[in-house]
Amino acid sequence: MTGQAMRLSAVEGDIARLSVEAIVNAANASLLGGGGVDGAIHRAAGPQLLEECRTLGGCATGDAKLTAGYGLQARYVIHTVGPVWQGGTAGEDALLASCYRRCLELAAAHAVTSIAFPAISTGAYGFPLARATDIAVATVSAVIATQPAITRVQFVCFSREVLALYRQVLARTDHD
Ligand code: ADP
């Protein structure tokens, strides 16, 4: 394993329950709540999270905004808005990469050392899972090479199938 690869891992579970400094939320542009990961995070964090989100004025696709974690174990939630899949020719790949990059930049700006990501855009937003996983792992690997303070990044998988895929892509990355 290379230095970068040792900082990355995939785990199965509910991201809202993780004990890391920051968890990433796959939100929608309003930041005012949705289903999937977003619903789970807001339920676990409590109503104060939505109150803070209301003050943020939404978030552009490919960008990210940070809030406190309130009732979560995580100190921060970094809300990012993934692209809705439209067939692959509407800049979706670059926008998804931008989500991962912006989240890590915000994390570093707040001295976060450990962060967990869900599989952004692969639920309601319909991004093909294998393609999204390649982008997630490649982008995070490249960005953390320039952010030494981020020592631990976890990809949180909501099923065994997703976990198996992430592990395969991470193993391939180890040998690059
Ligand atoms: P998007 O709208 O960006 O597609 P979703 O929340 O619909 O976001 O789904 C993103 C991914 O997160 C999907 O792969 C989904 O299975 C997964 N997911 C849903 N709930 C959770 C959770 N509580 N923890 C981790 N991953 C989750």
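The values are calculated or read from the model by the stated rules, or taken from the named source; none is laboratory data. Everything numeric here is computed off the predicted structure, so don't read it as measured data. Methodologically, a virtual Cβ is constructed for each residue, glycine included, from the backbone with ideal geometry; neighbour enumeration extends over all protein chains shown. Heads up: the accessible areas ignore ligands, DNA and RNA and are worked out on the full protein's heavy atoms, side chains in. Shrake-Rupley method; radii C 1.70, N 1.55, O 1.52, S 1.80 Å.
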If I build a Gaussian network model for the chain, linking alpha-carbon pairs within less than 10 angstrom, which residue out of ALA164, ALA27, ALA136 has the largest mean-square fluctuation?
ALA164
With the Cα gyration tensor of segment 54-176 in hand, give its eigenvalues times 5 under a square root as the equivalent ellipsoid semi-axes, listed largest first in whole angstrom.
21, 19, 14
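What's the carbon and sulfur percent of the chain's accessible surface, probe 1.4 angstrom, rounded to a whole number?
Numbers: 4310 of 7980 Å².
Here carbon and sulfur together make up 54 percent of the probe-accessible area.
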Rounded to one decimal in nm, the spacing of the 7 Å Cα→Cβ label points at ASP134 and SER159 is 2.1
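Give the calculated FRET efficiency between VAL11 and GLU105 to the nearest 0.05, with a Förster radius of 25 Å applied to their Cβ-Cβ distance. The partial results should precede the final answer.
Numbers: r = 23 Å, r/R0 = 0.93.
Computed FRET efficiency for VAL11 and GLU105: 0.60.
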If you place +1 on the Cβ of every Lys and Arg, -1 on the Cβ of every Asp and Glu, and leave all else neutral, what size is the dipole of the chain about its Cα centre, to the nearest 20 Debye?
200
Which trypsin sites (Lys or Arg not before Pro) in segment 121-176 pass both tests, a DSSP loop state and at most 15 other beta-carbon atoms within 10 Å?
none
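For the chain, what does the accessible surface come to per residue with a 1.4 Å probe? Please give it in Å². Working shown, then result.
Working: 7980 Å² over 176 residues.
Spelled out: the 1.4 Å probe surface of the chain, per residue, equals 45 Å².
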